[in-house]
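Report on one structure; see the data block that follows.
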Amino acid sequence: MSQSALTVYVLGSGTSHGVPMIACDCAVCTSADPRDKRTRPSVLIRRGDARLLVDTSPELRLQCLANDVRRVDAVLFTHHHIDHLAGLDDIRRFNWMQQAELPCFGQSATLERLRAMFAYVFEDEPDYPSAKPRLTLHAIDGPFEAAGVPVTPIPLLHGKLPVLGFRVGGFAYCTDVSEIPAASWPLLEGLDVLILDALRHRPHPTHFNLEQAVDHARKIGARQTFFTHIAHELGHEETNRSLPAGMALAYDGQVIEVEGRRANCE
Ligand SMILES: [Zn+2]
Ligand SMILES: [Zn+2]
Ligand SMILES: [Zn+2]
């Protein structure tokens, strides 16, 4: 087995407002540390030549430029909240470069909302034949393959909203979560790397705070856990000093090498 079966690019590690927030003068929003600059949450998972984009954040174009993303083979949607969707139109560039429609995967409820929120994408407007993203929507309710890569959806609760995390090999991405249902725990066993929601110190109705995230990360027991969807209350350096070994805040531009699970699992 290769040393790094997957590479994960953290395109965005921030909460829905981004960090810095508009017109905030707090220590984190005015920090000179580049790891305190957080765009909205998204990752790109690369396995071999296949590149899976998770969510299309409002900063997708800037994230692709910053991380030199030149190809996307599929998009996986965690849920329909706008901080995970607003960059959908930037998919046009990949349609053009790859001369192909882009397959998109999500729960049927997510895809339904996506169709409503981006109605123009799915309407016939002959005046603009090439100016819209070209997508094929695939509803998922269990393990599936995207661009030849096996993906396991992980049902999570984001407040009362059912959302998905995604597992690929030894990696799982669980953003926007406040509860992990009992049936999903086995899907998180034997992880090399976990990326998990950790909004801030104070509790929140639809996100883990840092304390809950650390607690869940301990129980899940990945070799390495990184936290994402981070608000401006958590400074990178200071927060990392307080975290247990094997846990750290993610940051925009971070590149994470993920070991394959045992050879017979890949
Ligand atoms: Zn601030
Ligand atoms: Zn959300
Ligand atoms: Zn979110």
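Structure values in brief
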quantity	calculated
Positions within segment 206-238 being surrounded by 21 or more Cβ atoms within 10 Å (Cβ to Cβ) and of a type in the set (Ser, Thr, Tyr), in sequence order	225, 228
Qualifying residues in segment 126-178 (those that are open to solvent by 40 Å² or more (accessible area, probe 1.4 Å) and closer than 21 Å to residue 212 by Cα) - the one farthest from ligand 1 (Cβ to nearest atom)	155
Residue match in segment 205-217 (condition: under 27 Å from residue 48 (Cα atoms) and part of a loop (DSSP other than H, G, I, E, B))	no
Every residue from segment 15-37 that is within 12 Å of ligand 3 (Cβ to nearest atom) and out of contact with any helix residue (DSSP H, G or I) (no Cβ under 7 Å at 6 or more places or on another chain)	15, 17, 18
Filter result for residue 112 (farther than 30 Å from residue 204 by Cβ, of a type in the set (Asp, Glu) and surrounded by fewer than 20 Cβ atoms within 10 Å (Cβ to Cβ))	no
Segment 1-46: number of residues that are buried (at least 20 other Cβ atoms within 10 Å of the Cβ), in a loop (DSSP other than H, G, I, E, B) and free of Cβ contacts under 8 Å to residues at least 60 places away in the same chain	2
Subset tally (residues that are away from ligand 3 (no atom under 16 Å from the Cβ), in contact (Cβ under 8 Å) with a residue 40 or more places away in the chain and out of contact with any Asp or Glu (no Cβ under 6 Å at 6 or more places or on another chain)) for segment 49-59	1
Segment 109-157 - residue that is acidic (Asp, Glu) and either touching a His at 6+ places or on another chain (Cβ under 7 Å) or at pLDDT 95 or above (or both) and, of those, nearest to residue 57 (Cα to Cα)	112
Selection count where residues are part of a loop (DSSP other than H, G, I, E, B), more than 16 Å from ligand 3 (Cβ to nearest atom) and under 18 Å from the mean Cα position of the chain (by Cα), scope segment 71-117	3
Per-region count, segment 189-208, residues charged (D, E, K, R), over 15 Å from the mean Cα position of the chain (by Cα) and within 16 Å of ligand 2 (Cβ to nearest atom)	1
Considering residues of segment 47-69 that are surrounded by fewer than 20 Cβ atoms within 10 Å (Cβ to Cβ) and among the aliphatic types (A, V, I, L, M) only, the residue farthest from residue 11 (Cα to Cα)	50
Residue, farthest from ligand 1 (Cβ to nearest atom), within segment 68-85, restricted to residues that are under 14 Å from residue 137 (Cα atoms) and of a type in the set (Val, Ile, Thr)	75
Condition check for residue 124: within 30 Å of residue 184 (Cα to Cα), in a loop (DSSP other than H, G, I, E, B) and away from ligand 3 (no atom under 16 Å from the Cβ)	no
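The values are calculated or read from the model by the stated rules, or taken from the named source; none is laboratory data. This is a predicted model, so every value here is computed, not measured. Counting neighbours? That spans all protein chains shown, and the Cβs are built from the backbone with ideal geometry, glycine included. For the accessible areas, the whole protein counts, side chains as well, though only heavy atoms, and no ligand, DNA or RNA atoms are used. Shrake-Rupley method; radii C 1.70, N 1.55, O 1.52, S 1.80 Å.
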